[in-house]
1. How tilted is helix 2-59 with respect to the longest principal axis of the chain? Cα atoms for both, answer in degrees (0 to 90, nearest 10).
2. What shape does the stretch 1-55 have by the C-alpha gyration tensor, where a ≥ b ≥ c are the square roots of the eigenvalues, rounded means a/c under 1.5, and otherwise prolate means a/b greater than b/c and oblate the rest?
3. If R0 is 30 Å, what FRET efficiency do you get for K43 and F17 from their C-beta distance, rounded to 0.05?
4. Under the classification rounded if a/c is under 1.5, otherwise prolate if a/b is larger than b/c and oblate if not, where does the stretch 1-117 fall, given a ≥ b ≥ c as square roots of the Cα gyration tensor eigenvalues?
5. Arrange D142, D47 by Cβ neighbour counts within 10 Å, fewest through most, would you?
6. Taking the chain as the reference, fit the longest principal axis to its C-alpha atoms, fit the long axis of helix 64-83 to the helix C-alpha atoms, and give the angle between the two in degrees, 0 to 90, nearest 10.
7. Which of the peptides 143-150, 65-72 is most tightly packed, and how do the rest follow, judged by the mean count of other Cβ atoms within 10 Å per residue?
8. Considering the options L27, M1, N148, tell which one lies farthest towards the positive end of the dipole of the chain, charges being +1 on Lys and Arg and -1 on Asp and Glu at the Cβ, about the Cα centre.
Amino acid sequence: MPFIIFLALIALAVIWFVMMYNGLVQLKHNVARAWSNIDVLLKQRHDELPKLVDTCKQHMQFESDTLERVMLARSGVAQAREARNLPALGRAEQELRKQMAHLYATVEAYPELRASMQFQHLLGRITQLENDISDRREYYNDSVNLNNVRVEQFPTVILANMFHFGQAPLLEFDAQQKQDVSIAGLFAH
């Protein structure tokens, strides 16, 4: 009888260990999936911005400096995204938002561009991507928070350290970046 109790305790310990380990694996993959969702949207926006710039070039012959700054900021976001450098991505996103706001304000001087169906379509697409990125950023940070709390909790911290489950970085932006750019306001007469 004591041997059966001993085997039952060992079996319970193994089941508990496996459940904790699998929980950590699931959290790690949730963080990776959340990042992948953001990454896909950043790539889509990266692909849409040149189309918007090309559309603007057709109407804004003398605003090449504005368009170049947008493309340079776009490049900074792409580099930070590819490197998975979240602090750099936050700074690059801030610069891109600033340059896009400047572009939208500049477009005000070009009524034929504002009336262009292609421009309106691209503007709507980029606005939707911005909203989606914001939603996915929130999901990513929630996933990271769950992961980070779990890897610090006792007794999971012991297992996390044994198998090198670590903390993931939050995707943080400064206060200015957290404010939505009012695209409608930029085009108001």
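Rule-based calculations on the coordinates, nothing more; no lab input. On a predicted model such as this, the values are computed, not experimentally measured, just so you know. So basically every Cβ, Gly included, is an ideal-geometry build from the backbone, and we count neighbours across all protein chains shown.
1. Result, in degrees: 10.
2. prolate
3. Working: r = 39 Å, r/R0 = 1.30.
Efficiency, from the Cβ-Cβ distance: 0.15.
4. On the way: a/c = 6.07, a/b = 4.37, b/c = 1.39.
Prolate shape, in that a/c is at least 1.5 and a/b is the bigger ratio.
5. Values: D142 14, D47 11.
Fewest-to-most Cβ neighbours within 10 Å comes out as D47, D142.
6. The helix 64-83 is inclined about 10 degrees to the chain.
7. Numbers: 143-150: 17.9, 65-72: 15.2.
Result, highest mean Cβ count within 10 Å first: 143-150, 65-72.
8. Going by the Cα projections, it comes out as M1.
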